[in-house]
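Worksheet: the structure to be examined is printed underneath.
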Amino acid sequence: MRNLKLLKSLRNSELQGPGSPQCFSIRADTGSLLIASQFSITEFDPLTAQVVREASLTADGFLSEDGSGGVVGLQDLAELQSACLATAEGDVVLFNLNTGQLECVGSVDSGLTSMSWSPDEELVILTTGQETFIMMTKDFEPITEVGIHQDDFGEGKFITVGWGKKETQFHGSEGKQAARRKVQEAQPAVAWDDRRPRVTWRGDGQLFAISAICPQTGGRKVRVWNREGVLQATSEPVNGLEQALCWKPSGSLIASSQRHPNKHSVVFMEKNGLLHGDFTLPFSKDQAKVKELLWNPDSTVLAVWLEELSCGDDGHVNTYLQLWAVGNYHWYLKQSLDFGRDPQKAPVCICWDPERPLQLHVVTSSWNSITYSWGWTTERSPGLDVTDNASVAVIDGDKVLVTTFRQCVVPPPMCSFELQLKSPINQVTFLCRPEGTNQIAAFTANGQISVFSQVSEEQADKTSDGFRVVSQPLVLQKTYRLTPAQEQPLALRQLLWLQDELFLAVGAGLLPTSSTILMLHPIQDADDTLAVRSEMEVDGVVVGVAHSFQTGTVALELEDGQIKKLLWDCPELSVEDWRDSSGCSVSFPVPCIQTALCSISGTEYLLGLTDRSHLYAGDTELASGVCSFAICDNFLLLTTHSHTCRCLQLSGLTVKGLQAALASDGGQNDETLRHVERGSRIVTVVPQDTRVVLQMPRGNLETIHHRALVLAQLRKWLDGLKFREAFECMRKLRINLNLIYDHNPKVFLENVASFIQQLNSINHINLFLTELKEEDTTSSMYPRPDGSPVQPQAAPGQKKVDVVCDALRTTMESMDPNKFSLSILTAHVKKTVPELEIALQKVHELRENPPEAPGGVSAEEALKYLLFLVNVNDLYEHSLGTYDFDLVLMVAEKSQKDPKEYLPFLNMLKSLEPNYQRYTIDRHLKRYRKALVHLSKCGQEHFTEVLQLVKEQKLYSEALRLYPADSPQYKFLSCAYAEHLVEQQRAEEGGLLLWRCGEPVRALQAFTSSSSWRNAICVAQQIPLPPDQLALLARDLAEKLTEQRRYSEAALLLDQYAKDCEEAILALITGGVWEEALRLIYMHKRQDITETNLKPALLEALNTQVVFLEAQVATFTRHKSRLAVVREQKEKARLDMLDEDGPDCPDAELYSEASSVITASKYSQSNSRISSRSSKNRRKAERKKLSLKEGSPMEDKALMHVIGEIITTVDKMREEIHGLLRALVLFQFDKQAEKLQRVYDEALQMMEGSVLEVWPEGLQNTSAPVTGPNSTANSIMASFQQQQKPAASQQDAEVPAAPKMRNGIKWKLTILK
């Protein structure tokens, strides 16, 4: 749905030569024109309007001096730096483009009728006057000479296998009469045919076709030959086939023209000579003749050069040039150039530029050269509000095909409506005024501008058959003619409709390198005439005009990429440079073929797309590989060659942010990216909607709803409390309905009533409730745009589903509980803990009290709906839990259960006592706590079942609350609970229960087994035990306490209850409780133990501590040295990687002093599957990962972990060392004490001084991302990814924390040196 828009036209009239131009060619390297006449050959540069070189063809006798000779072919040969021309007399001449010399390289006596070079310039075909063709190499060495007319069909002759006859075959739409139709005799060629052969090559140079007059029939016939000069196929007889012939460069079709009895058309042939499609020219049967057909280099445009057959009153004929393009198998007439009847202005040579696909060169008979440069554009309405119909206008000859995409999507070549004009259309533009953007102005080839507008709404609603017109056609309001009349075709370009009666156009300047900006306005005396209100000359060729619908800015693009701002709303037109925010002038590095104005972060930019698919914002390249782009409101949409459609919100991005966003591949939930079909182009975007219309390469349309546009529109609707529009859009486009609440929870809860009223549909409310999830969709599926505030939860601490369900249910109950009964049931059922009992109770109430209001829901319907939401078995079980057998029967009847399954069970329940009945139901439903409550009310005879239930389900605490403390049941339950606690290794708690319920003997056993010696002594004295048994009990308890290293408590039992002071003193000495041992020695006057036991124990403890400290210091020193070596190796490895990758290696910054170098060690992947293990196995795996083995990946962290443990162990010895020093000094072991104090002090100082060395500053992991001026994009992304890793992986990489030493504890003795 694209049109051809004229970007620029270059006209030169300075060239004058002898005779008239006959052939011309384009130099691909310089762009200059090579023009040959019957007298000379000239190289002309149209940019400088200078003749580069010229040579006479008559001086050397190649052509006769009387002008009777002619040139039949001219070709630029870039490799030879020459031009090759062929004369009708038979000479082949090389024109050296460096020296200007002419050289005859060959001659044919019979003369030449045409010359055609292959696309690769390796072969040349010369057709001779003897109806033969000569194939030669680029060095003019003959390969073969073959007659054009061959009797054989060629190598591609069709094979008939003899299946049936022609009369029995299927003939399609022609019917059976086609089988009986006689073959018409071939008709001769038309009278005006020049009867010269035409040669055309396929784009790859492997085949060529020759159209020539058949001697037998007199009609034209096309033959296809291969590169070796072997005939491949001959065309079928085609009556009325004309001389024009051109092979499509892409190789699929050969174009020619055919005159039918009732029409004139362009026909296409396949390489096998069979016809394959056509299109009709907009002329009557004998009105015009087709002189030439020319495909442009990329096969997108077919130029048709026509000339009228009948002369006018002045004896001259009119000449036309038409440009056709195909889409969806329909041929569109995109441009029509009417050169008039003046023979001096009529073209004599037409050629496409070999380098620029849409640039056409025309040379007239008066030696004027015209160069037209077109570009593809989509004419779409520029409106931004809902009044804009998102119209797209497509030019098709004298019709404008308009499709209003807001109302309907009509695939081309069909449309919503057609605008018929009297002359072919060359330009279409929409009105750039609010609420008037649907109006269209068409600029036709006869120099008139026709304006179409909408009819009034009263007329639009009136239809004769009762149908409503969805897309109302536009009506012709006025036709303007231009004054002065344009003498040349396409004299005005870049038409822009600024206001109701104000047009802007670009015309040719006084100089070839300038342009004129024209403001056209109706004349006061003649409303149907447009005159120039103001004009100004622009230094430079304007190739693009862009208008901003929001700001009214008009930007001009010049052919060298300069950007100008046109101040058009002033009395006098003026132009100024386009400047950025810093005041510097801005221009495109490369000229762009499509431009549009937009605002990025409040600054206006001109976006431009080049023919090489580069997108620029001013002088900054945003992206490459862009197929098309469009600006809609605040969004930039573009399609790329990587088959994606991007949609970016411009208000929240800077130019650099836009570059980064377009360069990224997009994440999982990236709403800005969507994959589309290859080659998709944007046709239009419906304003204030979510639809984006794309056109595929073959021409069909697809409508997509881009996620970014959808979410932006949804946020607008939700902010405006338009819940119905948002809900319908989300339901249709499968957007999670949780977004309605998550977008702004507080606002939603404040407007629940409005939400229900707008939806006004039970099904829609139920759908919303059933989709509720605890997930916050604004942080997972649909992230908020950058810069938008995060909305707090309306009810912190409560679950979202419960809050929404309760809010909706409360509102619906207050509005109309009968109408919303099903939605109320849904709100109960969909809570995180479904309230099925309440829902069933409401169903039961409906059964007891049926609603009288019309539209109310019956109990059967409500129950059927509940069965749809909840599993029938679950609902049956919950109905049992209500103890309402009527409700149970109602549910069971609606289910698929067999009555034999539930009736006996229900009958058995009905026969039971009420409490026992409820106990049975609760036990069946595994609601054991409720079952215990009901069973406890059934009397003493069921206590055995109570005790059994409590033991099975371990409901001891609940059971104790159901009986008084003085009841026998309480005692039985307490004893059972105590037994359970003893089995669970919680004997002390069991002993307390036994003690308080009057079982001291069993309590004593429990306390003794748990080493609770104080409780055991109390119970023993309460029994009471005899003194000897009490002493024995004390000794047993002391032995257990000694095993648990509780020496002070064991000594107390031995001293006070066993009356054995010596064993008590020895226990204290063994535990190192020196001062308490001395107290008992002197209390019981056993000073002998001091010499026999105490002093030796002191010296033994001294030696033990000294040896332990020395071992710890040695281990500490060894690990510390190894740690330094490991860190040095890792730093060296980091520097080596830096040297290999260069100074700009982004990964080098990600290394830290504690980072692990990835090696080929066998430990590197040993723990890759430690995700779902038990905690014990995880700890074991962690210890295995922190291996001290040399070369392991985590060796440095393992060393730090062990060093920290050593420091902590030595630091904890302060109190123990202090007590030992005091005892040693007391017994005059001063030297030994000094040694111990010195060794311990040195160990503490060494370890304290090594803490900063082992744990340097900045080594600890930080949660903040690595940013700053020295950071790279890769390092920042790695930092963020490190933050987002699971907790387990973070712990794996954490460095062990530095231990804290307790320097505040006083342990030294000042009396020791």
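What do you reckon, is Ile735 of a type in the set (A, V, I, L, M), in a helix (DSSP H, G or I), open to solvent by less than 10 Å² (accessible area, probe 1.4 Å) and modelled with pLDDT of 90 or more?
no
Conditions tested, residue by residue: (1) under 35 Å from the mean Cα position of the chain (by Cα); (2) at pLDDT below 90; (3) open to solvent by 10 Å² or more (accessible area, probe 1.4 Å).
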position	(1), (2), (3)
Thr377	yes, no, yes
Thr387	yes, yes, yes
Thr404	yes, no, no
Val409	yes, no, yes
Cys415	yes, no, yes
Gln448	no, no, yes
Gln454	no, yes, yes
Asp461	no, yes, yes
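Looking only at residues in region 796-832 that are without any contact (Cβ under 8 Å) to a residue 24 or more places away in the chain and in a loop (DSSP other than H, G, I, E, B), which one is nearest to Met890 (Cα to Cα)?
Across region 796-832, the extreme among qualifying residues is Pro817.
With (1) open to solvent by 10 Å² or more (accessible area, probe 1.4 Å); (2) closer than 20 Å to Phe39 by Cα; (3) assigned to a loop (DSSP other than H, G, I, E, B) as the list, and Gly69 as the residue in question, which single condition is left unmet?
(1)
Yes/no per residue for (1) among the hydrophobic types (A, V, I, L, M, F, W, C); (2) open to solvent by 60 Å² or more (accessible area, probe 1.4 Å):
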| site | (1), (2) |
| --- | --- |
| Cys645 | yes, no |
| Lys656 | no, yes |
| His675 | no, yes |
| Gly679 | no, no |
| Val685 | yes, no |
| Gly699 | no, no |
| Ile704 | yes, no |
| Ala712 | yes, no |
| Asp719 | no, yes |
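Restricting attention to region 1003-1019, report how many residues are in contact with a helix residue (DSSP H, G or I) (Cβ under 6 Å, 6 or more places away or on another chain) and part of a helix (DSSP H, G or I).
Residues meeting the conditions: 10.
For Lys773, work out the one condition from (1) assigned to a loop (DSSP other than H, G, I, E, B); (2) touching a residue at least 60 places away in the same chain (Cβ under 8 Å) it doesn't fulfil.
Condition (2) is where Lys773 drops out.
What's the number of the condition Ser582 fails, among (1) without any contact (Cβ under 8 Å) to a residue 24 or more places away in the chain; (2) closer than 18 Å to Leu662 by Cβ?
Only one criterion is unmet by Ser582, namely (2).
Rundown of residues vs (1) modelled with pLDDT under 65; (2) within 60 Å of the chain's Cα centre (by Cα); (3) assigned to a loop (DSSP other than H, G, I, E, B), yes/no style:
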residue	(1), (2), (3)
Glu145	no, no, no
Phe158	no, yes, yes
Gly162	yes, yes, yes
Phe170	no, yes, yes
Val183	yes, no, yes
Ala186	no, no, yes
Ala189	no, yes, yes
Asp194	no, yes, yes
Val199	no, yes, no
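Going through Val400, Val409, Val348, Val363 one at a time, which residue ends up being in a loop (DSSP other than H, G, I, E, B) and not hydroxyl-bearing (Ser, Thr, Tyr)?
Just a single option satisfies the conditions, and that option is Val409.
How many residues are open to solvent by 30 Å² or more (accessible area, probe 1.4 Å) and either in a loop (DSSP other than H, G, I, E, B) or among the polar types (S, T, N, Q) (or both) if we restrict to region 885-915?
8
Scan region 375-386 and give yes if some residue there is under 22 Å from Ala28 (Cβ atoms), outside any loop (DSSP other than H, G, I, E, B) and in contact (Cβ under 8 Å) with a residue 60 or more places away in the chain, otherwise no.
Yes, region 375-386 has at least one match.
Go through region 601-673 and tell me which strands (runs of 3 or more DSSP E), entirely inside it, have 1 or more residues that are within 25 Å of Asp560 (Cα to Cα).
603-609, 614-617, 620-624, 626-632, 635-640
Taking the conditions exactly as written (without any contact (Cβ under 8 Å) to a residue 24 or more places away in the chain, in a helix (DSSP H, G or I) and surrounded by 13 or more Cβ atoms within 10 Å (Cβ to Cβ)), does Ile765 satisfy them or not?
Here the answer is no, as Ile765 does not meet what is asked.
Which one of the conditions (1) over 60 Å from the mean Cα position of the chain (by Cα); (2) open to solvent by less than 80 Å² (accessible area, probe 1.4 Å) does Arg1014 fail to meet, given that it meets all the rest?
(2)
Could you please tell me which pairs satisfy a Cβ distance under 7 Å, a separation of 6+ or placement on different chains, a first residue in region 1216-1245 that is open to solvent by less than 20 Å² (accessible area, probe 1.4 Å), and a second residue that is of a type in the set (Ser, Thr, Tyr) and assigned to a helix (DSSP H, G or I)?
Ile1217/Tyr1240
Hey, could you check region 50-61 for residues that are open to solvent by 20 Å² or more (accessible area, probe 1.4 Å) and not acidic (Asp, Glu) and say which is farthest from Thr30 (Cα to Cα)?
Across region 50-61, the extreme among qualifying residues is Gly61.
On the basis of being within 16 Å of the chain's Cα centre (by Cα) and at pLDDT 90 or above, does Leu658 make the cut?
Criteria met by Leu658.
Give the residues of region 317-347 that are of a type in the set (Asp, Glu) and modelled with pLDDT of 90 or more, sorted by residue number.
Of everything in region 317-347, just one residue is of a type in the set (Asp, Glu) and modelled with pLDDT of 90 or more, namely Asp338.
Restricting to region 1083-1134, and then to whatever is open to solvent by 60 Å² or more (accessible area, probe 1.4 Å) and of a type in the set (Ser, Thr, Tyr), can you tell me which residue is nearest to Ile1217 (Cα to Cα)?
Thr1104
Give the residue that is nearest to the chain's Cα centre (by Cα), with candidates limited to residues of region 1294-1313 that are open to solvent by 40 Å² or more (accessible area, probe 1.4 Å) and more than 14 Å from Val1251 (Cα to Cα).
Glu1294
With the checklist (1) of a type in the set (Lys, Arg); (2) surrounded by fewer than 18 Cβ atoms within 10 Å (Cβ to Cβ); (3) over 27 Å from Gln649 (Cβ atoms) in hand, flag the one item Arg579 doesn't pass.
Only one criterion in (1) of a type in the set (Lys, Arg); (2) surrounded by fewer than 18 Cβ atoms within 10 Å (Cβ to Cβ); (3) over 27 Å from Gln649 (Cβ atoms) is unmet by Arg579, namely (3).
Looking at region 9-25, which of its residues are open to solvent by less than 40 Å² (accessible area, probe 1.4 Å) and in a loop (DSSP other than H, G, I, E, B)?
Residues satisfying the conditions are Leu15, Gly17, Gly19.
Pairs, please: C-beta under 8 Å, at least 6 apart or cross-chain, first residue over 18 Å from Gln550 (Cβ atoms) and outside any loop (DSSP other than H, G, I, E, B) and in region 420-443, second open to solvent by 20 Å² or more (accessible area, probe 1.4 Å) and of a type in the set (S, T, N, Q)?
From region 420-443, the pairs are Ala442/Gln427; Phe443/Gln427.
Conditions (1) closer than 22 Å to Gly240 by Cβ; (2) open to solvent by less than 60 Å² (accessible area, probe 1.4 Å), marked per residue:
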| residue | (1), (2) |
| --- | --- |
| Met269 | yes, yes |
| His276 | yes, no |
| Phe279 | yes, yes |
| Leu306 | yes, yes |
| Leu321 | no, yes |
| Leu337 | no, yes |
| Pro343 | no, yes |
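Looking at (1) open to solvent by 20 Å² or more (accessible area, probe 1.4 Å); (2) closer than 19 Å to Ser118 by Cα; (3) charged (D, E, K, R); (4) more than 46 Å from the chain's Cα centre (by Cα), can you tell me which one Glu236 breaks?
All conditions are met except number (2).
Among Tyr928, Tyr919, which is modelled with pLDDT of 85 or more, of a type in the set (Phe, Trp, Tyr) and open to solvent by less than 20 Å² (accessible area, probe 1.4 Å)?
One residue alone meets the criteria, Tyr919.
The values are calculated or read from the model by the stated rules, or taken from the named source; none is laboratory data. Small disclaimer: the values here were computed from a predicted structure and weren't measured. Because the Cβ atoms are built from the backbone with ideal geometry, glycine has one as well, and the counts that use them run over all protein chains shown. Ligands, DNA and RNA are excluded from the accessible area calculation, which covers all protein heavy atoms including side chains. Shrake-Rupley method; radii C 1.70, N 1.55, O 1.52, S 1.80 Å.
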